[in-house]
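Each remark here refers to the structure printed beneath this line.
The values are calculated or read from the model by the stated rules, or taken from the named source; none is laboratory data. Just so it is clear, the model here is predicted, and its values are computed rather than measured. Heads up, the Cβs are rebuilt from the backbone with ideal geometry, glycines too, and the neighbour counts pull from every protein chain shown.
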Amino acid sequence: MNFDFDDTERAFQAAVRRYALERLLPDYARWDRGERLPRERVRELAELGLTGLLVSPDVGGVGGSYVQAGIAAEEIARGDHNMTFFIQLGAIAADLIGQYAQPALRDALLPRLASGEALVAFGLTEPGAGSDAASIRTRAERDDDGWVVSGEKASITLAGNADYAVVFARMGDGGARGIGALVVPLDAPGVSRQVYDAMGGKLAERGSLFFDAVRVPHDHQLGEPGRGFAQAMEAFDYNRAIIALACLGTAQQSLDETMAYARQRETFGKPLARHAGYAFQVAEHATHLASARLLAYQTLWLKDQGRPHTREAAMAKYLAPKAATEAIRACIVLNGWMGYDNSLPHAQRLRDVLGLEIGDGTPEIMKGVVARELFGREFVAYR
Ligand SMILES: Cc1cc2nc3c(=O)[nH]c(=O)nc-3n(C[C@H](O)[C@H](O)[C@H](O)COP(=O)(O)OP(=O)(O)OC[C@H]3O[C@@H](n4cnc5c(N)ncnc54)[C@H](O)[C@@H]3O)c2cc1C
């Protein structure tokens, strides 16, 4: 057993952490106040190799590992939790398009994803189908020229600023086996967008994508028409661990900042860190974050080995956002009145991390997946 990163991973971790703390952290509150993220910022991530981490080198990517994608999310989150969406969605797009697109689409789109020029959203959720994603209603009808897509995708990260979306649509009968995936250019006639007024994660411009008889060429189909649901679940399995690390990096940064405060702030004649009632709270949260972190990296390591990881991914996705929100909430109180002030980043971090307790599967659905993996599919707990 080896719990250590190798030299390349350590150097990568240090470089990404430096960028996050020096470049992202000072601007974290700007996007929360409603300023739109300039595209140059995404191109900076691309220069660090973060948007094309899982894109193959023959089309301009890094060809990195899933563990590296986790390191990137954990470290970027220290500076700006929401910038990890570009890593998460970059990884999913690289995987789905890299594996399932026809060569012409793959060769045209992936270099642009890696260079930060193209943003690709993931469109599964609908107003009437979230946890029960197999019941989506968006339809893709086939004719001689291609597919005609109609429906609404809801709560889509980057809805306001993406250039393409992988859209999961009903191509056949009801249930999971009737779902297929298409790459839809979001400048196509018939596409419209609505960005939500969310409590956090504003940089991500999450919202609805509307498709009114949108024409999509045949060659924008990803794999077989009935494979869409399985493709979405494959992506969820490792992205849940990347999300876990994004939440943990965010919380760890709050905890580190709180520890720096606790070393120098004195009450009753000694530093806060020397009051057991204070230090033990930090110890408890540090322990919870560390346990969830091991589970998340184990998941990504299993994925890199080509081994099953559904159970570990769901465990990590259940545990990490919970541990992170509890730790950040505690940091607000551990910083006294200043913790409650927006001049410190803890309150924004709490609002941001809460979103990922829901995104990619709620805690109840995660526990349902873990229970299903433990007891077997015939005992599935969420149907
Ligand atoms: C920050 C964020 C980013 C997101 N990004 C994307 C994205 O990029 N693409 C995308 O497609 N979607 C995205 N989503 C949507 C997300 O995946 C869904 O919100 C999520 O799967 C839950 O679906 P729902 O909101 O429809 O809730 P529902 O399915 O309606 O559930 C509502 C509540 O009921 C509980 N519940 C549901 N079923 C059961 C059950 N069987 N037993 C017990 N409790 C149950 C749930 O846990 C939840 O608390 C995002 C959401 C958020 C918040």
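May I ask you to say which residue of S254, S192 is of a type in the set (S, T, Y), crowded, with 22+ Cβ neighbours inside 10 Å, more than 17 Å from the chain's Cα centre (by Cα) and more than 12 Å from the ligand (Cβ to nearest atom)?
Numbers: S192 fails: crowded, with 22+ Cβ neighbours inside 10 Å.
Exactly one residue qualifies, and that residue is S254.
Conditions (1) away from the ligand (no atom under 14 Å from the Cβ); (2) out of contact with any helix residue (DSSP H, G or I) (no Cβ under 6 Å at 6 or more places or on another chain), marked per residue:
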site	(1), (2)
S115	yes, no
L124	no, no
R137	no, yes
R142	yes, yes
Y164	no, yes
G172	yes, no
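Looking only at segment 100-141, which residues are outside any loop (DSSP other than H, G, I, E, B) and in contact with a Phe, Trp or Tyr (Cβ under 8 Å, 6 or more places away or on another chain)?
Of all residues in segment 100-141, those outside any loop (DSSP other than H, G, I, E, B) come to 100, 103-114, 120-123, 126, 129, 133-135, 139-141.
Hits for segment 100-141 are L109, V120, A121, G123, A133, A134, A140, E141.
Would you be able to say whether some residue in segment 364-378 is touching a helix residue (DSSP H, G or I) at 6+ places or on another chain (Cβ under 9 Å), under 20 Å from F85 (Cα atoms) and more than 16 Å from the ligand (Cβ to nearest atom)?
No: zero hits.
Would you be able to tell me the number of residues in segment 7-26 that are farther than 17 Å from L53 by Cα and either over 20 Å from the mean Cα position of the chain (by Cα) or of a type in the set (S, T, Y) (or both)?
The total comes to 5.
Any residue at all in segment 141-150 that is within 30 Å of L203 (Cα to Cα) and out of contact with any Ser or Thr (no Cβ under 8 Å at 6 or more places or on another chain)? Outline the logic, then answer.
The initial filter retains those residues of segment 141-150 that are within 30 Å of L203 (Cα to Cα), namely 149-150.
Now narrow it down to the ones that are out of contact with any Ser or Thr (no Cβ under 8 Å at 6 or more places or on another chain): none.
No, because not a single residue in segment 141-150 is within 30 Å of L203 (Cα to Cα) and out of contact with any Ser or Thr (no Cβ under 8 Å at 6 or more places or on another chain).
Kindly provide the set of residues from segment 126-135 that are surrounded by fewer than 19 Cβ atoms within 10 Å (Cβ to Cβ) and near the ligand (Cβ under 9 Å from one of its atoms), ordered by number.
Result: P127, G128, A129, G130, S131, D132.
For segment 277-289, check the following and say yes or no: at least one residue is modelled with pLDDT under 95, in a helix (DSSP H, G or I), closer than 25 Å to D4 by Cα and in the same structural domain as A347 (by TED's automatic domain parsing).
Let us first name the residues in segment 277-289 that are modelled with pLDDT under 95, namely none.
The answer is no; no qualifying residue exists.
Looking at segment 330-339, can you tell me whether even one residue there is within 16 Å of the ligand (Cβ to nearest atom) and closer than 25 Å to R33 by Cβ? First the steps, then the outcome.
We begin by selecting, within segment 330-339, every residue within 16 Å of the ligand (Cβ to nearest atom); these are none.
No: segment 330-339 contains no residue that is within 16 Å of the ligand (Cβ to nearest atom) and closer than 25 Å to R33 by Cβ.
Consider segment 47-99. How many of its residues are part of a helix (DSSP H, G or I) and among the small types (G, A, S)? Before the answer, list the steps.
We begin by selecting, within segment 47-99, every residue part of a helix (DSSP H, G or I); these are 47, 57-59, 66-79, 81-99.
Subsequent filtering for residues that are among the small types (G, A, S) retains 69-70, 72-73, 77, 79, 90-91, 93-94, 98.
Count: 11.
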